[in-house]
Amino acid sequence: MVAGNWKMHGSRAANQTLLGELEMSLKPEWPIDIVVFPPYVYLSDAVRMLEGGRISVGAQDVCAESGGAFTGQVCASMLKDVGCTHVIVGHSERRRWYHEDDALVARKFAVVLAAGLTPVLCVGETLDEREAKQTEAVISRQLDAVITMHGVGGFARGVLAYEPVWAIGTGRTASPEQAQEVHAFLRNRIHAQDAKIARHLRILYGGSVKAGNSAELFSMPDVDGGLVGGASLSADEFQQICAAASLSGSAHH
Ligand code: PEP
């Protein structure tokens with residue numbers, strides 16, 4: 001799976017160009033899921049533009065409430081209503097700038113599942129945490145918040161994304177070995193509760209994924225794709241990343 005997180009970028013004109021170019025270059029036969037995550041206001045447009053094609057549309061966030069008097073918020077059933085299939089929860093920018101804690105992220109994970117959509121749960125450590133050898137403790141805490149609240153069953157449909165905060169938007173990618181080590185740790189943690197779910201779970205790597213480093217990252221046995229920020233805004237870069245994923249996807253399975 002390759003996911004393109006556009007963050008707060010785009011315009012009607014730019015989105016039309018980007019999606020038009022992607023539709024032309026992404027091959028229908030590639031054995032991967034491709035999902036783009038535009039800002040809320042462009043979701044309906046993107047769904048309309050991509051109808052019947054091979055690219056799905058997801059949202060970057062969701063409200064943990066299921067509707068009502070929550071000014072400025074958007075609930076999961078609305079995202080489903082406009083044609084989204086996926087929702088990112090717990091992105092490090094949400095955790096950092098909007099003070100989302102593990103409990104709130106776990107509630108968001110649940111509302112996404114309840115609406116029949118696929119949550120993409122992001123976990124990852126900061127540079128200070130990595131240097132203090134806290135990586136496993138931090139990502140365990142973030143993952144366990146979801147498992148404790150809802151059980152491991154949610155990952156039968158959910159997707160996990162390992163995004164080291166020090167690698168996001170910094171140009172500093174985790175090495176394939178660093179990514180593999182953490183991905184294997186995450187899969188083992190799920191495996192301890194349910195071997196089948198662990199085997200089928202897709203664990204994406206995110207953090208400065210580019211055309212030039214994607215094939216190496218995706219060749220790792222526990223790296224099942226990428227969550228791509230900056231490079232998802234370039235049709236050429238994004239399609240090269242998708243091509244790399246589809247090659248390694250065919251090899252893995
Ligand atoms: C992200 O925002 O999820 C991300 C990985 O960003 P970038 O690829 O720009 O580092």
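The values are calculated or read from the model by the stated rules, or taken from the named source; none is laboratory data. Everything quoted here is computed from the prediction, not taken from an experiment. We place every Cβ from the backbone using ideal geometry, glycine too, and count neighbours over all the protein chains shown. In case anyone asks, the SASA skips ligands and DNA or RNA and just uses the protein heavy atoms, side chains included. Shrake-Rupley method; radii C 1.70, N 1.55, O 1.52, S 1.80 Å.
Values computed for the structure shown
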{"quantity": "Output for segment 134-150, where each listed residue is of a type outside the set (D, E, K, R) and in contact (Cβ under 8 Å) with a residue 24 or more places away in the chain", "calculated": "Thr135, Ile139, Ser140, Gln142, Leu143, Ala145, Val146, Ile147, Thr148, Met149, His150"}
{"quantity": "All helices (runs of 4 or more DSSP H) inside segment 126-200 with 2 or more residues being of a type in the set (S, T, N, Q) and away from the ligand (no atom under 16 Å from the Cβ)", "calculated": "135-150, 176-191"}
{"quantity": "Check on Gly229, within 12 Å of the ligand (Cβ to nearest atom), within 25 Å of Pro31 (Cα to Cα) and in contact (Cβ under 8 Å) with a residue 24 or more places away in the chain", "calculated": "yes"}
{"quantity": "Scope segment 70-96; condition surrounded by fewer than 22 Cβ atoms within 10 Å (Cβ to Cβ) and part of a strand (DSSP E or B); matching residues", "calculated": "none"}
{"quantity": "Filter result for Ala106 (among the hydrophobic types (A, V, I, L, M, F, W, C) and surrounded by fewer than 21 Cβ atoms within 10 Å (Cβ to Cβ))", "calculated": "no"}
{"quantity": "Filtered residues of segment 201-253 (kept if of a type in the set (Ser, Thr, Tyr), in a helix (DSSP H, G or I) and buried (at least 18 other Cβ atoms within 10 Å of the Cβ))", "calculated": "Ser214, Ser232, Ser246, Ser248"}
{"quantity": "Some residue of segment 71-86 being within 16 Å of the chain's Cα centre (by Cα), within 15 Å of the ligand (Cβ to nearest atom) and at pLDDT 95 or above", "calculated": "yes"}
{"quantity": "In segment 3-30, the residues that are modelled with pLDDT of 95 or more, of a type outside the set (A, V, I, L, M) and open to solvent by 70 Å² or more (accessible area, probe 1.4 Å)", "calculated": "His9, Arg12, Gln16, Thr17, Glu21, Glu23"}
